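Nothing in this text is a laboratory measurement; each read-out follows from the coordinates by a stated rule. Everything numeric in this text was worked out from a predicted model, so none of it was measured. So basically every Cβ, Gly included, is an ideal-geometry build from the backbone, and we count neighbours across all protein chains shown.
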Amino acid sequence: MKIHIVYYTSTGNTRKIALAIRSALDNHDVDVLELEDYQPRNLIDYELLILGSGVYLGLVGDKLIEFVRNAINFTLKYACFYSRERKEPYPDCFQPIREEADLRGSNCIGEFHCLGEPFTYYSNEE
C-alpha cells in the first residue's frame, strides 16, 4: 500500500509519532512530509493519507489545514493523529480537516491522540 504521512509540529512530539508510524508500516511504501514550506501536492498516487499535528489553542496546526485545503486529488481514505500536552483529549481539533475532506468525498478511517512530553518555555528575561 502507498501511504503518505504528513505532519506539523512545533515541539517535535508529533515528529516522533510520525516516524514511529512509518517504522511500524515498514512493509508498505511510505512517504513522510513535515510541513514547513510546502507546495500543493497531488495525492492521487496514495491509497492512505495519515495527517498529524500538535494541538494549538484547541485546533490542529494551520499549516496542516492549509495543506488539506490546497491538496490536489485528495485521497479517498485518511486517518488523523495529534499529540497533546494536557491529559484531556481535544475531540473537535480535527473539525476543519474533516470539513475539507468531506467536501472532497474522503472518508476518515480513524483518529487517535497521544500524550506528548510537556513543553517548557524558557525565557531569557531575568
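Quick check on Thr75: is it over 19 Å from Glu111 (Cβ atoms) and touching a residue at least 60 places away in the same chain (Cβ under 8 Å)?
No; evaluated as a whole, the condition is false for this residue.
So how many residues does region 66-90 have that are under 21 Å from Ser10 (Cβ atoms) and not in a strand (DSSP E or B)?
Result for region 66-90: 11.
Can you name every residue in region 53-71 that is in contact with a helix residue (DSSP H, G or I) (Cβ under 6 Å, 6 or more places away or on another chain) and touching a residue at least 40 places away in the same chain (Cβ under 8 Å)?
The answer is Ser53, Gly54.
Can you pull out every residue in region 90-117 that is surrounded by fewer than 17 Cβ atoms within 10 Å (Cβ to Cβ) and touching a Ser or Thr at 6+ places or on another chain (Cβ under 6 Å)?
Matches in region 90-117: Cys114 only.
If you go through region 4-60, how many residues are hydrophobic (A, V, I, L, M, F, W, C), within 13 Å of the chain's Cα centre (by Cα) and within 21 Å of Asn73 (Cα to Cα)?
First, the residues of region 4-60 that are hydrophobic (A, V, I, L, M, F, W, C): 5-6, 17-21, 24-25, 30, 32-33, 35, 43-44, 48-51, 55, 57, 59-60.
Checking which are within 13 Å of the chain's Cα centre (by Cα) leaves us with 5-6, 17-19, 21, 32-33, 35, 48-51, 55, 59-60.
Next, only the ones that are within 21 Å of Asn73 (Cα to Cα) stay: 5-6, 32-33, 35, 48-51.
Residues in region 4-60 being hydrophobic (A, V, I, L, M, F, W, C), within 13 Å of the chain's Cα centre (by Cα) and within 21 Å of Asn73 (Cα to Cα): 9 in total.
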